[in-house]
1. Pick out the one residue from Ile68, Ile35 that is more than 15 Å from Asn90 (Cα to Cα) and not polar (S, T, N, Q).
2. Counting only residues that are under 20 Å from Pro126 (Cβ atoms) and either touching a residue at least 60 places away in the same chain (Cβ under 8 Å) or touching a helix residue (DSSP H, G or I) at 6+ places or on another chain (Cβ under 8 Å) (or both), how many does the range 1-49 have?
3. Give just the number: which of (1) surrounded by fewer than 17 Cβ atoms within 10 Å (Cβ to Cβ); (2) modelled with pLDDT of 95 or more does Pro40 not satisfy?
4. Check off (1) surrounded by 11 or more Cβ atoms within 10 Å (Cβ to Cβ); (2) at pLDDT below 95; (3) more than 25 Å from Gly97 (Cα to Cα) for Leu32 and give me the number that stays unchecked.
5. Restricting the search to the range 17-29, which residues are surrounded by 14 or more Cβ atoms within 10 Å (Cβ to Cβ) and under 20 Å from the mean Cα position of the chain (by Cα)?
6. Please go through the range 79-101 and pick out each residue that is open to solvent by 10 Å² or more (accessible area, probe 1.4 Å) and in contact with a helix residue (DSSP H, G or I) (Cβ under 7 Å, 6 or more places away or on another chain).
7. Which count do you get for residues in the range 102-121 that are crowded, with 18+ Cβ neighbours inside 10 Å and over 11 Å from the mean Cα position of the chain (by Cα)?
8. Somewhere in the range 147-159, is a residue open to solvent by 30 Å² or more (accessible area, probe 1.4 Å) and in a strand (DSSP E or B)?
Amino acid sequence: MVKTDLSKYNNDWFDEGAGVVKRTLWFITNALVLINPLNPLSGIKIFFLRLFGAKIGKGVVIKPGVNIKYPWKLVVGDYTWIGERVWIDNLDQVTVGKNCCLSQESFVLIGNHNFTKETFDLMVAPVIIEDGVWLGARSIVTGGITCKSHSVLAVNSVASQSIDANCIYRGNPAVKVKERVIEDV
């Protein structure tokens with residue numbers, strides 16, 4: 001039986017999308033400005049995210065404690081809310097649409113490892129979160145997933161496959177439990 005051998009792990013193919021100086025400056029800025037719970041100001045966070053290459057729409061709200069791996073691989077649409085301690089571990093492109101809500105401690109986790117390979121190879125794939133999506137508190141979206149328009153991923157649920165538009169998903173793995181109906185005001 002072949003066993004995992006991490007001494008053979010090779011990640012040389014992976015491109016972070018920026019040089020070591022830019023990555024280092026971002027990690028320091030991320031710790032001091034975004035992750036820092038003492039900074040409640042969305043405007044300052046958005047300024048630095050844009051400075052490092054993120055495309056951020058108007059009216060975006062970013063709460064304290066947010067952690068973003070690589071802003072140059074992030075697009076966030078207008079009027080989206082990113083809650084406390086959200087982690088966007090975007091080793092690949094993450095696109096978040098307009099009017100989305102990423103609730104407290106939700107995770108967008110791009111990276112994974114191929115556990116069927118002796119070398120435990122890194123696997124990455126982009127995530128698309130379309131307009132009007134709500135990721136419930138502590139929910140997880142994994143790489144290669146699309147959360148289609150106005151879908152909901154309930155609290156503590158894990159989307160390991162794409163989720164349909166206008167539907168509510170719950171569980172691990174998340175399954176469709178009902179349609180989402182949005183009432184007029």
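1. Just a single option satisfies the conditions, and that option is Ile35.
2. Quick first cut of the range 1-49, residues under 20 Å from Pro126 (Cβ atoms) only: 11, 13-18, 23, 26, 49.
Then keep just the ones that are either touching a residue at least 60 places away in the same chain (Cβ under 8 Å) or touching a helix residue (DSSP H, G or I) at 6+ places or on another chain (Cβ under 8 Å) (or both); that gives 11, 14, 16-18, 26, 49.
Going through the range 1-49 one residue at a time, the tally reaches 7.
3. With (1) surrounded by fewer than 17 Cβ atoms within 10 Å (Cβ to Cβ); (2) modelled with pLDDT of 95 or more applied to Pro40, the lone miss is (2).
4. (2)
5. Gly17, Ala18, Arg23, Trp26, Thr29
6. If the condition is that a residue be open to solvent by 10 Å² or more (accessible area, probe 1.4 Å) and in contact with a helix residue (DSSP H, G or I) (Cβ under 7 Å, 6 or more places away or on another chain), then Asp92, Gln93 are the ones that fit.
7. Going through the range 102-121 one residue at a time, the tally reaches 1.
8. No: the range 147-159 contains no residue that is open to solvent by 30 Å² or more (accessible area, probe 1.4 Å) and in a strand (DSSP E or B).
The values are calculated or read from the model by the stated rules, or taken from the named source; none is laboratory data. These numbers come from a predicted model, not from an experiment. All Cβ positions, even for glycine, are placed from backbone atoms using ideal geometry, and neighbour counts span all protein chains on display. Ligands, DNA and RNA are stripped out before the accessible areas are found, and what is left, the full protein with its side chains, is counted by its heavy atoms. Shrake-Rupley method; radii C 1.70, N 1.55, O 1.52, S 1.80 Å.
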